[in-house]
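Notes follow once the structure below has been shown.
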Amino acid sequence: MTTSKPAFLGAQPVFERAIEWTTLWPPVDDSTADRLKELYFSRRWSSFDETEPAFDSAFARLHTSRHGVFMVNGTVTLECALAAYGIGAGDEVIVPPLTWYATAMAPHYLGARPVFVDIQRDTLCIDPVKIESAITDRTRAIIPVHVFGSAADMDRIMLIAKKHGLKVIEDCAHVHGSLWNDQGIGSIGDVGSFSFQQSKTMASGEGGICITNDDEIADRLYRMKHIGYGAGERQGKAQSGPPTGLVCHNYRATAFQALILHEQLKTLEDRLDRYRTAVDYLEKRLTQTTKIRFQRRPHQVKRQGYYLWVMIFDDPSFADIPLATLEKAFSAEGLQLSRTWDPLYRFILFNLKPDAFHTHPCAVTESVASRILALHHSLLGLEMPVLEKIADAIERVVTHIDELRRVAA
Ligand SMILES: *Cc1c(COP(=O)(O)O)cnc(C)c1O
C-alpha cells in the first residue's frame, strides 16, 4: 500500500485538476443529437405522439413490468401512485427518513401522513422489522426507497404488506436497471416510481415514470397525468372518462425527453456493468486498507443500479472528525465528494406542521446520516487508471487520520 503524504499536509494533490461530475453528466453524443434534430423537424413533440409510448414500453420491459407511464418528474409519480389507490386524508404512509423530500411529500400532498421508520445500518434502506411495529389501522402503504446503490429488502417488505393489506410503492429514483433475482426492481411492489432529473442515472433534465403490472392502475395513472384521457385517446376525442373522483392533472412531458432517455436506455446495462466493476474494485481495495464501511447489497440483487457510491465513516477511529474536515481533505486531493442528507424530518425545506407527520425513533439514521460521503455515479464509469487514483486519494487521507485530527483541532 502506498500511503504517500496527503495534500492537506502540503503534498501535490492526486488530481491536479479536480474531476467534477457535472462535466461528465448527463452523457451527450452525436447520434442522440441527430435524432433530436429529426424529432424537431418532424414536429411530433407531444407526449402522445409515438416517441414517448415507445420509450415507456422499452423502459417497462427492461424492468419486467407491463406498463410505463411517463410524467414530468419523480415527485408527481409518487403522488399519482398513491392516489391511484385512493390514498388520502386520514391515511398513513410509511417512509424512511434517509431520502429526498419527494418521498414524504407525496403522501402529504394527498392529505395523508408520512410516518418515518428507521433504516438498516448496513443497506441504509428502510428496516422491515421496524416497519411492522409502526403499522396502525390507518396505515395504507409503504414507500421503500432503494437508496444510493443498494436495495430495500423487498422479500420481507412484500410479506409484511400482504399480511397487513398494504400497498407498496417502490421509490426507485436511484436504481434504474436493477434486478432483484429475475425481477426488475420497481416491478415487485404495486408501482415503481423513477426520476429522470438531471443528476439521476438516466437523465432528461426533468422527468419521471411509474411502472406497474396492474392494467387498471396503469389506466388510472395515465388518466391522472393526461387530464383524464385514456392511453391512445386523442385530445378532444375521449371514448370514456376517468373513474368518478379520480383527480386528474396535466403532468405530460415532451417527446424530446423520452427520446433522450430511450437512447440512454440502450446502453444502461453496459453502464451498470462498468459501475459494478468500479465499485467491486474500490470496495475490495479500500476494505483492505481502510476502516471505511460500504453499503451492503442484499444477495437477491443480481444487477445493481447506482445513483451515488457512498462511503460511511462511522468506525470509532473516525470519531470526532467532522465530515466537513474529511470533505476538505479529499477536496485538497482534487476529489469532490458530497454529503447526502440529514434525516428528512430535519431538512430545512421540510416544513410540515407537527401533526402532519409522525416520526418513530430513528437512531440508526441519526447516527449514520451525518457520516456519509458520496461519489456521483458518473465517476464510476471512468477508466481504471482514474479509479486507481480515486482510491489513492481516499487512502492518502484516511491513512493520515491522526494528522487530520490534529490539523482540524
Ligand atoms: C430525485 C428523487 C426523487 C424524485 O425527484 P424529482 O426531482 O421530482 O424527479 C424521489 N425520490 C428520491 C429518493 C430522489 O432522489
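Only the coordinates and a few stated rules stand behind these numbers; no lab work does. A quick note: this is a predicted structure, and the numbers were derived from the prediction, not measured. Neighbour counts are summed over all protein chains in view; Cβ atoms, including those assigned to glycine, are modelled from backbone coordinates with ideal geometry.
Figures for the structure shown
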quantity	calculated
Inter-centroid distance (Cα atoms) of segment 328-379 relative to segment 96-118, Å	15 Å
Within straight-line cross-link reach of residue 389, lysines at Cα separation under 19 Å, skipping those fewer than 8 residues along the same chain	5, 284, 291, 328
In degrees, nearest ten, helix 255-266 long axis to first principal axis of the chain (Cα)	50 degrees
On Cα atoms only, tilt of 154-164 relative to the major axis of the chain in degrees	50 degrees
Local electrostatic count, residue 186, Cβ distance below 11 Å [Lys/Arg +1, Asp/Glu -1]	-3
Taking N as its residue count, the alpha carbon Rg of segment 30-265 over 2.2 N^0.38 Å	0.99
Shape of the chain, Cα gyration tensor, a/c cut at 1.5	oblate
Spin-label pair residue 183/residue 231, simplified geometry with 7 Å Cα→Cβ offset, distance in nm	2.0 nm
Ratio of Rg to Rh over segment 115-183 (Cα coordinates, Kirkwood Rh, two decimals)	0.95
Cα principal axis extents for segment 148-235, largest first, Å	43, 34, 20
Relative contact order, percent, segment 30-265 [alpha-carbon distance under 8 Å, six or more residues apart]	25 percent
Cβ-Cβ FRET estimate between residue 349 and residue 199, R0 fixed at 25 Å, reported to 0.05	0.90
Helix 51-62 vs. the chain, principal-axis angle (Cα, 0 to 90°, nearest 10)	60 degrees
Lysines with Cα under 29 Å of residue 225, excluding same-chain neighbours fewer than 8 positions away	37, 162, 167, 200, 237, 266, 353
Footprinting exposure proxy for 388, 38, 263 (fewest neighbouring C-beta atoms within 10 Å first)	38, 388, 263
